[in-house]
Amino acid sequence: MKSFLAADTAAEYLTVIARDREGKTEICHLPDCAMNHSVMLLDTVEKTLEKAGMGLADCDFFACVTGAGSFTGIRIGIATVKGFCTALSRPALPVTSFENVAYTTGRMKTLALLPAGHGYFYAAGFDEEKKQIFPPSYLSQEDVAALAARESYTVAGHGELPFDGALQADMAAGFAAAVAAKSRTEDNFVPPEALQAVYVRRSQAEENRR
């Protein structure tokens, strides 16, 4: 079993996970760090590793969430993990926020949602084996409802959702499950320089420049 350190900085929360080679896992989840990921991430990494009885050099790989989510938060997580990987010559494991949602629903065909504001959502679809079958998209509430009904998706996402029967995902548990599952396949690892953010649409600043 591979040991790892993983960080999710893609939303208002912060999740750091450390697992040793025996499978002992420590999860630190801060529900709201007021988007101060740049200030809180390294301290949280240090505390989580300490609880796990590990150091950075004990990690076989490093993982981070590459989006969708906060543009700034995503960049902070990627830059930090790139630094760890480069310094210690370790591979990186990219995980999406959509996978974090999908891995909380068991063997269900899942439409994973993240809030995008103003009645819109970032969405991606997964089959029962957690293979992505609908690409990350920017959809209105009406579009989400129509897609879920047409394709028989179970709708799940971060936070409360305005859809009947929708599941509220435990993002920390989903992140831990996604990292554990994806790390079993060598093809999922990338060199640190290959880590790239998943941006479903332009940032507001980019939109304002158009």
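The values are calculated or read from the model by the stated rules, or taken from the named source; none is laboratory data. Source: prediction; values computed, not measured. Every residue, glycine among them, receives a Cβ derived from its backbone with ideal geometry; neighbour counts consider all protein chains shown.
When you look at A18, is it of a type in the set (G, A, S) and closer than 21 Å to A197 by Cβ, yes or no? Give the derivation first.
On the way: of a type in the set (G, A, S): yes; closer than 21 Å to A197 by Cβ: no.
No; evaluated as a whole, the condition is false for this residue.
Can you tell me how many residues in segment 155-181 are over 12 Å from the mean Cα position of the chain (by Cα) and either assigned to a helix (DSSP H, G or I) or closer than 16 Å to F4 by Cβ (or both)?
Selection size over segment 155-181: 2.
Does segment 58-74 include one or more residues that are among the polar types (S, T, N, Q), touching a residue at least 60 places away in the same chain (Cβ under 8 Å) and crowded, with 21+ Cβ neighbours inside 10 Å? Can you show your working first?
Here is the first cut: in segment 58-74, the ones among the polar types (S, T, N, Q) are 66, 70, 72.
Those still in the list that are touching a residue at least 60 places away in the same chain (Cβ under 8 Å) too: 66, 70.
Going one step further and asking which of them are crowded, with 21+ Cβ neighbours inside 10 Å, we end up with 66.
So far as segment 58-74 goes, yes, one or more of its residues are among the polar types (S, T, N, Q), touching a residue at least 60 places away in the same chain (Cβ under 8 Å) and crowded, with 21+ Cβ neighbours inside 10 Å.
Out of the residues in segment 144-162 that are surrounded by fewer than 17 Cβ atoms within 10 Å (Cβ to Cβ) and in contact (Cβ under 8 Å) with a residue 12 or more places away in the chain, which is nearest to A178 (Cα to Cα)?
Start the filter on segment 144-162 by keeping residues that are surrounded by fewer than 17 Cβ atoms within 10 Å (Cβ to Cβ), which leaves 145-146, 149-152, 159-160, 162.
Next, from what is left, pick out any that are in contact (Cβ under 8 Å) with a residue 12 or more places away in the chain: 145, 151-152, 159, 162.
Working: A145: 26, E151: 23, S152: 23, G159: 19, P162: 25 Å.
By that ranking, first place goes to G159.
Cβ-Cβ under 6 Å, sequence separation 6+ or interchain: first residue in segment 1-21 and assigned by TED's automatic domain parsing to the domain that holds L114 and within 10 Å of C33 (Cβ to Cβ), partner modelled with pLDDT of 95 or more and among the acidic types (D, E). Which pairs?
Correct list of pairs: empty, since none qualify.
Just checking, how many residues over segment 163-176 are surrounded by fewer than 18 Cβ atoms within 10 Å (Cβ to Cβ) and within 30 Å of S89 (Cα to Cα)?
Residues that pass the stated criteria total 1.
C85 - would you say it is touching a helix residue (DSSP H, G or I) at 6+ places or on another chain (Cβ under 6 Å), farther than 19 Å from A177 by Cα and of a type outside the set (S, T, Y)?
Considered against the rule, which asks whether it is touching a helix residue (DSSP H, G or I) at 6+ places or on another chain (Cβ under 6 Å), farther than 19 Å from A177 by Cα and of a type outside the set (S, T, Y), C85 comes out as yes.
For segment 18-40, give me each residue that is touching a Leu at 6+ places or on another chain (Cβ under 7 Å) and closer than 18 Å to V179 by Cα. Lay out the reasoning, then the answer.
Step one: list which residues in segment 18-40 are touching a Leu at 6+ places or on another chain (Cβ under 7 Å), which gives 18, 30, 33, 37, 40.
Of everything in segment 18-40, just one residue is touching a Leu at 6+ places or on another chain (Cβ under 7 Å) and closer than 18 Å to V179 by Cα, namely A18.
Is it the case that segment 106-115 has a residue that's touching a residue at least 60 places away in the same chain (Cβ under 8 Å) and either assigned by TED's automatic domain parsing to the domain that holds F175 or over 15 Å from the mean Cα position of the chain (by Cα) (or both)?
No, there is no match, as no residue in segment 106-115 is touching a residue at least 60 places away in the same chain (Cβ under 8 Å) and either assigned by TED's automatic domain parsing to the domain that holds F175 or over 15 Å from the mean Cα position of the chain (by Cα) (or both).
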